[in-house]
Structures are given as structure tokens and as C-alpha cells.
1. Which count do you get for residues in the range 8-32 that are in contact with a Phe, Trp or Tyr (Cβ under 9 Å, 6 or more places away or on another chain), open to solvent by less than 100 Å² (accessible area, probe 1.4 Å) and farther than 23 Å from Asn144 by Cβ?
2. List the number of the failed condition for Ala121; all other conditions in (1) small (Gly, Ala, Ser); (2) in contact with a Phe, Trp or Tyr (Cβ under 8 Å, 6 or more places away or on another chain); (3) at pLDDT below 95 hold.
3. So, of the residues in the range 129-152 that are small (Gly, Ala, Ser) and free of Cβ contacts under 8 Å to residues at least 60 places away in the same chain, which turns out to be surrounded by the most Cβ atoms within 10 Å (Cβ to Cβ)?
4. Is at least one residue of the range 58-72 surrounded by 13 or more Cβ atoms within 10 Å (Cβ to Cβ), among the aromatic types (Phe, Trp, Tyr) and in contact with a Phe, Trp or Tyr (Cβ under 7 Å, 6 or more places away or on another chain)?
5. Could you tell me which of the residues Thr125, Thr173, Thr117 is open to solvent by 90 Å² or more (accessible area, probe 1.4 Å) and β-branched (Val, Ile, Thr)?
6. Is there any pair linking a residue in the range 103-119 that is closer than 15 Å to Gly74 by Cβ and part of a loop (DSSP other than H, G, I, E, B) to one that is modelled with pLDDT under 95 and among the basic types (Lys, Arg), with Cβ under 9 Å and at least six apart or on different chains, and which?
7. Condition check: touching a helix residue (DSSP H, G or I) at 6+ places or on another chain (Cβ under 7 Å), at pLDDT 95 or above, of a type in the set (Asp, Glu) and not in a loop (DSSP other than H, G, I, E, B). Does Glu157 satisfy that?
8. Restricting attention to the range 66-118, report how many residues are under 23 Å from Ala19 (Cα atoms) and of a type in the set (Phe, Trp, Tyr).
Amino acid sequence: ETSPTFMAGDSAFLRAPAANAFWSVGFAKKVITPPDVLTHPNAYYMAGYANNKRPAEVMDDTFVRTVYIDDNSGRGGVLFSVIDAIGLSNKEVLEIRAKVWDFARASNIKSVNVLCTHNHAGIDTQGLWGNPYFLQTGRNEQYNAYLKDLVAQSMLEAFDNRVKGDLFWGEITPQEDIF
């Protein structure tokens, strides 16, 4: 069984560029730190290391960063969003895809990917670090809804920000004492 927003991608890997193909790449970045995190810290729990921890300060904002990449071969582009968060459930990833589904289909996007950095210094998006003594989840449903909206917005912006360019790849072999 697959979800209604499943995108199969490509069945064949191109080993050489398609005729007349060129790269288009677009980027977008949005702050996902809750705007009220310091004025209403009791609305949030921190993810990781210990339960029942509330945010005390913001040293660095958290972000969603999105890249759109297309080789313009006609096979379609791909979106990758990386969220500074502990993680999201598959259900929430599917909800993000649903938010951009019509746009993705109309824009010949063949793959929508959502990843998390597994950041232990951000808001609890999974509900695992609340107050266990009162059986409280650490999840803030309003924040998760806000987060999903920002991720979807960043996907649309990355597509809109695409430009033609060159894409380079490199590889190095580290020295033995480098880890």
C-alpha cells in the first residue's frame, strides 16, 4: 500500500546527461524557531538529553533549508527539505507532501523529500521529552502545524528561486589520521 502522495521517482538512472540537459537549482531557507519561544517558554519542551526541559534562551535560530534540483531532461525536478528538528513522523511528512502535492504535480516535480538533522537543541516535534510525571507529551501541536506550513512554503520558494547553473561534484580521500 502506498500513500496518495507517493512519488515513484525514476525507474532508470541516467549514466550520461540527456541531450540538451542543463541544471536548474533553487534554494530557500526559513527560520523555524517559534517566534514566542522566549515570551511563552512553557508552551515548548526541548528535544533530547532529558525530559521536562523548557527553552531558556536562543543561541542560534533553527531553520528549514530546501533545495530544488532539476537536470531539465524532462523527467522532472526534486525537492529536498532539511529541518533542524529531532524528527517528524511519517504522517507529518505525508502532510507536508499533501500541502505541495498539486503544485508538485503541475510543476513536474518527481520527488518531495523531507529530512531532519536530529537536532537535540530544538523544540520537541515528536512528543518524547515532555513531563513524564504528569504524562504530558512534549509536542506542541500548534508549533508542528506552523512548522509544516513553513516547510511547504520553503519548497515553493526554492522552486521559484531556481536558476540555471553548473553543478559540480568532487571527492577526496582523507589522510589516515583524519576521522
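The values are calculated or read from the model by the stated rules, or taken from the named source; none is laboratory data. Given the structure is predicted, the values throughout are model-derived calculations rather than measurements. FYI the Cβ positions are ideal-geometry reconstructions off the backbone, even for glycines, and counts take in every protein chain you see. All accessible areas refer to the heavy atoms of the entire protein, side chains included, with ligands and DNA or RNA removed. Shrake-Rupley method; radii C 1.70, N 1.55, O 1.52, S 1.80 Å.
1. From the range 8-32, those in contact with a Phe, Trp or Tyr (Cβ under 9 Å, 6 or more places away or on another chain) are 24-32; that's our starting set.
Right, trim to open to solvent by less than 100 Å² (accessible area, probe 1.4 Å) and you get 24-26, 28, 30-32.
Then drop every residue that is not farther than 23 Å from Asn144 by Cβ, which leaves 24-26.
Final tally of qualifying residues: 3.
2. For Ala121, the failing item is (2).
3. Looking only at the range 129-152, we keep the residues that are small (Gly, Ala, Ser), and these are 130, 138, 145, 152.
Retained after the next criterion (residues that are free of Cβ contacts under 8 Å to residues at least 60 places away in the same chain): 145, 152.
On the way: Ala145: 12, Ala152: 23.
Among them, the one singled out is Ala152.
4. So far as the range 58-72 goes, yes, one or more of its residues are surrounded by 13 or more Cβ atoms within 10 Å (Cβ to Cβ), among the aromatic types (Phe, Trp, Tyr) and in contact with a Phe, Trp or Tyr (Cβ under 7 Å, 6 or more places away or on another chain).
5. Values: Thr125 fails: open to solvent by 90 Å² or more (accessible area, probe 1.4 Å); Thr117 fails: open to solvent by 90 Å² or more (accessible area, probe 1.4 Å).
It is Thr173.
6. The qualifying pairs are Asn108/Arg75.
7. Values: touching a helix residue (DSSP H, G or I) at 6+ places or on another chain (Cβ under 7 Å): no; at pLDDT 95 or above: yes; of a type in the set (Asp, Glu): yes; not in a loop (DSSP other than H, G, I, E, B): yes.
No; evaluated as a whole, the condition is false for this residue.
8. Filtering the range 66-118 for residues under 23 Å from Ala19 (Cα atoms) gives 68-79, 107-111.
Then drop every residue that is not of a type in the set (Phe, Trp, Tyr), which leaves 68.
Total meeting the criteria: 1.
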